[in-house]
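Accompanying notes for the structure given below.
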Amino acid sequence: MALKIVYKICCGIDVHKTFVVACIASTNSKGVTTYKSHRFSTYTKGLRELLQWLLDNDCKDVCMESTGKYWIPVFNVLETSCNIVLAHPKYVKAIRGKKTDKKDAKWIADLFKHDLVAGSFMPPAQIRQLRDLMRYRFKLICFMSSEKNRLQNCLTVSNIQLGNIVSDTFGKSSQRIIDKILENPLDTSFDIEPLIHGSMKKKLPELELAIDGYITPEQAGKLKVIKQHYEDLETRKSDLEELILKLAKPYQQEIDLILTAPSFKNIFSAIGVISEIGVNMDVFPTAKHLCSWAGLTPTNNESAGKKKSVRVSKSGCYIKPLLVQCATAVVKSEKHPEIRNRYLRLKKRRGHKKAIIAIARMLLSALYNMLKKKEPYNADLYRKSDVLPVDREITVEQAILLARLQGYRIKSTA
């Protein structure tokens, strides 16, 4: 039985850095498909020619692979006039030995006309802009953390042990001490008391011992560069955050909802979630689909009746760390027993890592339902689901097995 043709006229596009190859597949009433291929430049003029070529051939349905960042200009030009399905390259890769640019485009068109291509989730343009800015903010935070580590390494090499006394080397008191040291690296016998906060007076003898090191002019120069770079990154991050807050204003209602969820206290955490999954939950049929898209569900890998690795996938490389971070914070708190108790039960059986992923999935499912129903977080729903039935029964064998799993040794009463 032949596969059903869903799209009578469709186009497959193979995207490269300097050019794209497009192939239109047109199927007539008798089921015969004819192909028309053309190569276009990736300059804006060439992409407009591609759009006009598609419209001239009455083709509104387009499928293309997401190659690096090269697909984005193509998507931006075609988005308003065509229905675009963006596919992961692994789902549309042609058979080895039969790969050319023309054949790749034709293969994508053939798969797409039968509706065999799983499209990637593409949020609206404004959400995509917000996502781009939030991901850049994440990179800036990583750069700042790297600079913090470099500064600490410089102090360690110079045997200045501030990190052993103060909780934050980048606190106000610590920074005043470091600035004083950098004024004259060879002299560390200055008076510390005017530089530190009142609460640190009791640590004064330890601080005097901690700064008694040997800092070379080269290390002092490196410290100055690191401090200046860190401060510059901090300024750039503040500028970026102003831009993000301005762009996120239309989604204030959704942000307020997310801030009611456990461990979501920072507005940028809420914006980070919106920038990744959007605000329209209708694109995901269920919360399970969203969790799978975010890489928080075990994979299916079974062959010949044997289950192989079922570890979570690598997808969701931005939203997954955010949710895991929030999950790690909330399981330490006594304020949300409905989450903490579930974590402790899972940890006992499956270990910390799997339990944290399960809690991250629980948080994302809660966020899905909150955004879909436009309701704040309700802890009572989880507490009711955790109440065990009163009339539960188990066999003696099951009770013995449970006791053994808890570490008890079973002995006879006789």
Legend entry - Inter-centroid distance (Cα atoms) of region 87-135 relative to region 254-323, Å: 21 Å
Legend entry - Candidates Glu334, Glu302, Glu242: whichever shows maximal mean-square fluctuation once the chain is modelled as a Gaussian network with Cα springs under 10 Å: Glu302
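Using only the Cα atoms of region 250-330, build the gyration tensor, take square roots of its eigenvalues as a ≥ b ≥ c, and label the shape rounded, prolate or oblate: rounded if a/c is under 1.5, else prolate if a/b is larger than b/c, else oblate.
Values: a/c = 3.10, a/b = 1.96, b/c = 1.58.
It comes out prolate by the Cα gyration axes.
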Inset, instruction - Would you mind telling me which residue in Asp232, Asp104, Asp212 has the biggest mean-square fluctuation in a Gaussian network model of the chain, where springs connect alpha carbons within a distance under 10 angstrom? - result: Asp212
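Could you list, in their original order, any pairs among Lys60/Lys98; Lys4/Lys99; Lys36/Lys308; Lys201/Lys335 whose Cα atoms are separated by more than 32 Å? Let's see the in-between values first.
Working: Lys60/Lys98 27 Å; Lys4/Lys99 25 Å; Lys36/Lys308 43 Å; Lys201/Lys335 34 Å.
In this structure, Lys36/Lys308; Lys201/Lys335 lie more than 32 Å apart at Cα.
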Legend entry - the chain - mean residue ellipticity at 222 nm from DSSP helices (-39,500 (n - 2.57) per run, n ≥ 4, rounded to 500): -16500 deg cm²/dmol
Inset, instruction - State the percentage of accessible surface on region 124-218 attributable to carbon and sulfur atoms; use a 1.4 Å probe and exclude ligands, DNA and RNA. - result: 51 percent
Inset, instruction - Determine the share of region 308-385's accessible area contributed by carbon and sulfur atoms, expressed in whole percent, with a 1.4 angstrom probe. - result: 54 percent
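Under a Cβ-Cβ cut-off of 11 Å, what is the net charge of the residues other than Lys320 that fall near it, where Lys and Arg count +1 and Asp and Glu count -1?
On the way: positive: Lys314, Arg361; negative: Glu276.
Its environment carries a net charge of +1.
Let me check against my output: what whole-number percent is the relative contact order of the chain, with C-alpha pairs under 8 Å and at least 6 apart? Kindly include the intermediate steps, with their values, before the conclusion.
Numbers: 487 pairs, mean separation 46.7, N = 414.
Here the relative contact order equals 11 percent.
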Inset, instruction - Starting from region 153-195, pick out the trypsin sites (Lys or Arg not before Pro) whose DSSP state is loop and whose Cβ has at most 14 other Cβ atoms within 10 Å. - result: none
Inset, instruction - With the Cα gyration tensor of the chain in hand, convert its eigenvalues to equivalent ellipsoid semi-axes via √(5λ) and list them largest first in whole Å. - result: 50, 37, 21
Inset, instruction - Taking only Cα atoms and a 10 Å spring cutoff, compute GNM fluctuations for the chain and point out the largest among Ala360, Ala220, Ala261. - result: Ala220
Legend entry - Within straight-line cross-link reach of Lys374, lysines at Cα separation under 22 Å, skipping those fewer than 8 residues along the same chain: Lys249, Lys265, Lys288, Lys384
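Probe of 1.4 angstrom, ligands and nucleic acids ignored: what's the accessible area per residue over the chain, in square angstrom?
Working: 25450 Å² over 414 residues.
Each residue of the chain exposes 61 Å² on average to a 1.4 Å probe.
The values are calculated or read from the model by the stated rules, or taken from the named source; none is laboratory data. Because the structure is a prediction, the values reported are computed rather than measured. Using ideal geometry, Cβ is built from the backbone for each residue, glycine included, and neighbour counts are taken over all protein chains shown. Remember, those area values only see protein heavy atoms, side chains included, never the ligands or the DNA or RNA. Shrake-Rupley method; radii C 1.70, N 1.55, O 1.52, S 1.80 Å.
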